[in-house]
1. With every protein chain kept in place and ligands, DNA and RNA left out, what is the accessible area per residue of the stretch 15-155? Probe 1.4 Å, answer in Å².
2. Computed FRET efficiency, Cβ-Cβ of A214 and M1, R0 35 Å: what is it to the nearest 0.05?
3. Ordered by residue, what ³J(HN,Hα) values in Hz, to whole numbers, does the stretch 199-215 give under the Karplus form 6.51 cos²θ - 1.76 cosθ + 1.60, where θ = phi - 60° and Gly and Pro are x?
4. What ³J(HN,Hα) values, in whole Hz, does the Karplus curve 6.51 cos²θ - 1.76 cosθ + 1.60 give for the stretch 89-99 when θ = phi - 60°, with x put for Gly and Pro?
5. Rounded if a/c is under 1.5, else prolate if a/b beats b/c, else oblate: with a ≥ b ≥ c from the C-alpha gyration tensor eigenvalues square-rooted, which is the stretch 241-322?
6. In nanometres, what is the gap between the two model label sites at A374 and A129, each 7 Å from Cα along Cα-to-Cβ?
7. Positive end of the charge dipole of the chain (Lys, Arg +1 and Asp, Glu -1 on Cβ, about the Cα centre): tell me which of L40, F317, A237 has its Cα farthest that way.
8. Just for the Cα atoms in the chain, what are the lengths along the principal axes, largest first, rounded to whole Å?
Amino acid sequence: MEEPFALYVHVPWCRHVCPYCDFNVYAARNPPEADYTAALVRELAGWSAAAPFAGRRIASVYVGGGTPSLFSADAVGRVVATARGRFGFDDDVEITLEANPGTVDAASLRGYRAAGVNRLSLGVQSFDARLLERLGRDHTAADTHAAVAAAREAGIQNVSLDLIFAVPGSTLADWASDLERAVALEPAHVSAYALTFEERTPFHAWRKSGRLKALDEDDEAAMGELAAERLPAAGFARYEISSWARPGRASAHNQRYWDGSPYLGIGAGAHSFHPGPPARRWSTLRQPQAYMEAVGAGRSAVADEHDLHLAEARGDFVFTGIRRLAGVDGARFAQRFGLSIVAAFPHVPGLVRDGLLEWNDEALRLTPQGLRFADTVAATFV
């Protein structure tokens, strides 16, 4: 049987677009749920009859955005049911729904749970009202508490909280408080991301004009190190650069992005990958209307596609895999590419001597020192 794949479903609407966000999202309080859901179902049907996903099972589903919780449980359930019917699910399939606090309650979450959702990822970002306002978020700390309680009432025990640190104007004490308040909610999983100033976002423009001042690198590093201390002390194991989980609660879906597994993205602006050979990446039309029109007319929604040449595929495999604390699987690399990681990348021993990487034939992984310079180390493979 061929390797199962991960399914990502993109819902590209939010009540408003946050000024730091560079995802493919659009502001709408009443998005075109019926038409967009019909397009998702039709796109799934097309992929179920075509290479490279026809005949494969689905290992995980992630409904992301955007704010997918703006869509009803019926809409989400229709997509999940179509995916199950067209492909089949692994017995332990993980089905995640992203939501923003303030957009879900016990009733809606019971509906999502009945639709098959068994994991909730909440975009908390902070518990501090001042920092939430700076980030442009439209929820409160009370909304987060209510959403976590509602999830448990609805039978969704696997709850993940997303946090952002190094927000302009924040302090190490602010971040310590956010970590403490997140841990107090006893989630199954925490993701902690350093704020980035992405081009074409208001935050990027405001930084360039002087309206916003980024934290200096030492302060940002101290915040990252604090997360690496506090979360393990609270029972969370770090398994990826930005991800911590309680035992058995690491994100099955996200790990497939990092270990070279195939994944299919459907919806406007979604990205897909198949290891081939040749390895291939592609993405769909970004504008929701153009996407819906293409799929509705029976045309492909693929807008961009790229076959990775061999050296590029090897680098891609390590670039993504190095994010995992377990590292890049040496045997899997050799099986896919026919040579060892060190043979493919002769500079690896130098990074080992510099104390940035560990290599033992079974895995190539970042050292604690390497974790501090993860982006720099990863860039040497591409």
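1. 39 Å²
2. It comes to 0.10.
3. 4, 6, 10, x, 4, 4, 5, 5, 5, 5, 7, x, 5, 10, 10, 5, 5
4. Taking θ as phi minus 60°, the curve returns 10, 4, 4, 9, 3, 9, 10, 9, 10, 7, 8 Hz for the stretch 89-99.
5. oblate
6. Rounded to a tenth, the inter-label distance reads 3.4 nm.
7. Looking along the dipole axis, the top candidate is L40.
8. 57, 50, 43
The values are calculated or read from the model by the stated rules, or taken from the named source; none is laboratory data. In this text the structure is predicted, and so the values were computed from the model without any measurement. Here Cβ is always computed from backbone atoms with ideal geometry, including for glycine, and neighbour counts include all displayed protein chains. Accessible surface areas use protein heavy atoms only, side chains included; no ligands, DNA or RNA. Shrake-Rupley method; radii C 1.70, N 1.55, O 1.52, S 1.80 Å.
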